[in-house]
Amino acid sequence: MPDLLAFELSLVELAHKWRRVVDDELRPFGLSQATWRTLYFISRTGGEIPQKDLAFAIGIEGPSLVHLLDQLEGAGLIERRVSSTDRRAKSVHLLDKGSEQVALIQDVLSEVRHRLLDAIDPAQLESCRQVFVQILDNAENTKPAQMVTRDV
C-alpha cells in the first residue's frame, strides 16, 4: 500500500520548492511571485482578462489584487479598462512593456523546467502528468466533506 501522506507531503514540498527556484531566478529582474504570476496569467488569456477572473485564477482577494494591479499599472505593464460587456466591471490588459516581461518570465520558466526535469525519463514525466491531471479532475469534482467529530 502506498504511503499517501508521504505522497501528499512530497507534492506540496515539490510545488513550494519549484516556485522558490523560479522566484529566486526572477527576483533580480524586480519580479516578485505576485507580479510574475499575475503577468503570466494575463498573458495566458491572450493579454486580456476580467479582473474578477484574474483574482480567482491567482487565488487572491479583490482588495489585494487592486493593490497589485495599481503597482503593475504604475510600472506601465498593464492597463485596466471598463469592460465592454459590463460597465461595472474592469478588464486587465497586458501592455507592450508587460509582454516584454512575460517573454522574460517564459524564458526563466523554461530554463528552470529544463534544470529541474533534467535526466528524468520522458515516459515517467508523461505518466506523472497524467496522474496530476486525474488529481486535478478529482479536486474539481469534489464537494467539501463533513468533518467527522471525535470525542477527545
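The values are calculated or read from the model by the stated rules, or taken from the named source; none is laboratory data. Owing to the predicted nature of the structure, the values given are computational and were not obtained by experimental measurement. Neighbour counts are summed over all protein chains in view; Cβ atoms, including those assigned to glycine, are modelled from backbone coordinates with ideal geometry.
Of all residues in region 68-92, those satisfying the criterion of being within 16 Å of residue 42 (Cα to Cα) and in a helix (DSSP H, G or I) are 68, 69, 70, 71, 72, 73. Annotation: of all residues in region 104-130 being among the acidic types (Asp, Glu) and assigned to a helix (DSSP H, G or I), the one that is farthest from residue 28 (Cα to Cα) is 126.
Residue-wise test of (1) at pLDDT 95 or above; (2) hydroxyl-bearing (Ser, Thr, Tyr); (3) within 24 Å of residue 135 (Cβ to Cβ).
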| residue | (1), (2), (3) |
| --- | --- |
| 17 | yes, no, yes |
| 39 | yes, no, no |
| 56 | no, no, yes |
| 63 | no, no, no |
| 69 | yes, no, no |
| 101 | yes, no, no |
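If you filter region 1-22 down to residues that are of a type in the set (D, E, K, R) and under 17 Å from residue 117 (Cα atoms), you find that the one that is surrounded by the most Cβ atoms within 10 Å (Cβ to Cβ) is 19.
State yes or no: is residue 127 under 20 Å from residue 14 (Cα atoms) and more than 17 Å from the chain's Cα centre (by Cα)? It is true that residue 127 is under 20 Å from residue 14 (Cα atoms) and more than 17 Å from the chain's Cα centre (by Cα).
Filtering 137, 86, 121 for residues that are over 19 Å from the mean Cα position of the chain (by Cα) and at pLDDT 90 or above leaves a single hit, 121.
Of all the residues in region 1-47, those that are closer than 16 Å to residue 65 by Cα, assigned to a helix (DSSP H, G or I) and polar (S, T, N, Q) number 3.
Tell me which residues, restricted to region 82-132, are without any contact (Cβ under 8 Å) to a residue 40 or more places away in the chain and either surrounded by 14 or more Cβ atoms within 10 Å (Cβ to Cβ) or closer than 18 Å to residue 51 by Cα (or both). Scanning region 82-132 gives 82, 83, 84, 85, 86, 87, 88, 89, 95. Working only within region 25-40, note down all residues that are under 15 Å from residue 103 (Cβ atoms), among the hydrophobic types (A, V, I, L, M, F, W, C) and surrounded by 16 or more Cβ atoms within 10 Å (Cβ to Cβ). The answer is 26, 31, 36, 39.
Only one entry in 140, 73, 61 is surrounded by 10 or more Cβ atoms within 10 Å (Cβ to Cβ), of a type in the set (D, E, K, R) and out of contact with any Cys (no Cβ under 7 Å at 6 or more places or on another chain), namely 73.
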